[in-house]
Amino acid sequence: MSSLFNALNGLACRSVMKRAQRGLYGGKDIIFSDQSSFSTRKTRRTWKPNVQTKTYHSEVLNSNIRVSLTTYTIRCIDKAGSFDNYIIHTKDKDLASELGSDLKVAMKHELQKKALLILENEKEELKKLSDLEPTKQI
C-alpha cells in the first residue's frame, strides 16, 4: 500500500517532507518567505510546523502507538473522537504520510478479521437454535 501511496503522492504538485512521512502532520509543511529589514534587505525565513510527540492507544490494534504529529492533527484527532476514528475516516491525501496509510491498512485488516469472527459466532448460534427448534414441535 505504501508504494501506491508514493506513486499517487508523486503525482501531486507538492512533495511532502521526509520527516512528515514518519508522523502525522496533516498536510502541514515548512513555509519559506523573505524577511525584510528596515533597509529592505531580504533574508530567507522559515516557519516549521509545531510538532509534538504523543502516545495514543489504538482500540482496533490493541496497542499503544507513539507518533510525532502536529498540533493541527491533535485537534483533528480530538474532533474525530479517537485516534482510530481519525485514521480510519481521514482520506489518504489528507493523512499525507506513509505511516498514516500503513496504520489505516492495518486497522481495516483487523476490523475485517473481527467482523468475520462475529459473523462466524452468529452462524454458530443460529445453528444451535435451529437444532433445538425441531424438538419443540407440537
Task: Summed side-chain charge close to residue 72 - residues other than residue 72 whose Cβ falls under 15 Å, Lys, Arg +1, Asp, Glu -1 - done: +2
Task: Taking only Cα atoms of the range 37-138, radius of gyration then Dmax in Å - done: 24.2, 102
Task: Order by protection proxy (mean Cβ within 10 Å, highest first), peptides 81-89, 61-69, 37-45 - done: 81-89, 61-69, 37-45
Open item on the list: With every atom except the alpha carbons ignored, what do you get for Rg and Dmax of the range 54-94, in angstroms?
Closed with: 9.8, 26
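Every number in this text was worked out from the coordinates using simple rules, so none of it is lab data. Predicted model only: the values in this text are computed from it and were never measured. Counting neighbours? That spans all protein chains shown, and the Cβs are built from the backbone with ideal geometry, glycine included.
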